[in-house]
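Read the structure below first, then the notes.
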Amino acid sequence: MKISTIGRHFREGFKNVSRNAWMSFASISSIAIPLFILGVFLLLTSNVNQFLGDIESQVEVKVFLNTEVPEEEIISIKNNIATIEEIKRVTHITKEQGIAELREKIGDPLEGYDGEDNPLPDSFVVEVYDSREVKSAAEKIEKLYEGEFLTIERAASEEVAQPEENTSEGQDSTENTTDDQGIQEDQLVEEIQIPVIDSVKYGQGYVENLHKITSTIRNIGFIIVIGLVFTAMFLIANTIKLTIMARSNEIAIMKLVGATNQFIRWPFFVEGAVIGFIGSFIPSAILYFGYAELVERSQLQLGILGMEMIPQNEATPNILLALFVIGIVIGVFGSVLSVRKHLKV
């Protein structure tokens, strides 16, 4: 194809848009309105997904050690837990940090529980790469120290440790008392075994329900987006088809005077691309500036609730690109397919 011919096709394509102004306006509107609705829903779905992701990222495992675990052993336990592949980070919370955090929440009732009187154990806060793997990570931590015990010594029960006060009669009685005291002194300290890890908690039940809810919301959003895409394509294609049908006589005359199919098709091809571009540019511009304004206005209100919208420079580029691609592709193919039907004269 000659360059002059290509130039002619582009000129005719642009002229057709202005020459058939009302039909072009109808086609552009039919593209802009569905794409605007689709764009709004894509932005809404993106923000809902981010909100759900923020909730899921707060899912973590808490590992409570036994209060008797020595400090030198705690570092080793932390390193062993960190080797589990699902785990992203392990943070050691000392019993002093634990009582301080608890005191911030409930205040005065915990005054005086410091030092040796602190009843809280050391613990680990374990973050995972994927919140859906939190149950698996918790089970692996429990399995890692299953059957691991610490042997500690502690005072025997008071009944055994305190000899009965029996200053009674006779030498035999005195000797028996002395023997009993010897046995009781041996029993003052006893060895017991305790598990290294006292408990592993990750919000059992709550986490599973959370994942069911977030998955359901995401699936519903995906189905609605797909439905909107096909609805937009159907509406746009039909409007372009009606536009081309109104010009069927023009196509028939060109065919009768000897114009080739390619010569007839190319101006419609360009016209469809122009209509698709304009039809996608209008909703894209409205969404770009409207979303920026919405983010700015909602920043304070959502901040109070601990939420935030996706920044404009992160949310809009891919969505607007998708709208342009859908608009132009449907405009071009809608025109080409509609013209092909009328070329069979």
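The values are calculated or read from the model by the stated rules, or taken from the named source; none is laboratory data. From a predicted model like this one, the values you see are computed outputs, not experimental measurements. Positions of Cβ are generated from backbone atoms using ideal geometry, with glycine treated the same way; all protein chains shown enter the neighbour counts. Surface accessibility is based on the protein's heavy atoms, side chains included, excluding ligands, DNA and RNA. Shrake-Rupley method; radii C 1.70, N 1.55, O 1.52, S 1.80 Å.
Nonpolar atom fraction for the chain, defined as the carbon and sulfur part of the 1.4 Å probe accessible area, stands at 58 percent. Accessible area per residue for segment 231-330, computed on protein heavy atoms with a 1.4 Å probe, is 57 Å². Using a Gaussian network for the chain with springs between C-alpha atoms less than 10 Å apart, which of these wobbles most: Leu102, Leu235, Leu43? Answer for the Gaussian network model of the chain: Leu102.
Can you give the relative contact order of the chain as a percent, counting alpha carbon pairs under 8 Å and 6+ residues apart? Computed over the chain, the figure is 29 percent. Placing unit charges on each Cβ (+1 for Lys and Arg, -1 for Asp and Glu) gives the chain a dipole about its Cα centre, and among Pro267, Asn47, Ser284 the Cα reaching farthest toward its positive end belongs to Pro267. Heavy-atom accessible area with a 1.4 Å probe sorts Tyr113, Tyr206, largest first, into Tyr206, Tyr113. When Rg and Dmax are taken over the Cα atoms of the chain, they come to 38.1, 143 Å. The lysines whose alpha-carbon is closer than 26 Å to the alpha-carbon of Lys140, local same-chain residues fewer than 8 away aside, are Lys62, Lys78, Lys88, Lys95, Lys201, Lys212.
Quick one: accessible area per residue over segment 1-83, 1.4 Å probe, rounded to a whole number of Å²?
57 Å²
Taking the centroid of alpha carbons for each part, segment 268-340 and segment 31-50 are 8 Å apart.
Would you work out if segment 1-130 is rounded, prolate or oblate? Take a ≥ b ≥ c from the square roots of the eigenvalues of the alpha-carbon gyration tensor; rounded if a/c is under 1.5, else prolate when a/b is larger than b/c, oblate otherwise.
Details: a/c = 7.22, a/b = 3.30, b/c = 2.19.
Verdict is prolate for segment 1-130.
In this simple spin-label approximation, Met245 and Ile75 carry label points 7 Å from Cα along the Cα→Cβ vector, and these lie 8.1 nm apart. Measuring with a 1.4 angstrom probe and ignoring ligands and nucleic acids, Lys212 comes out at about 140 Å² accessible.
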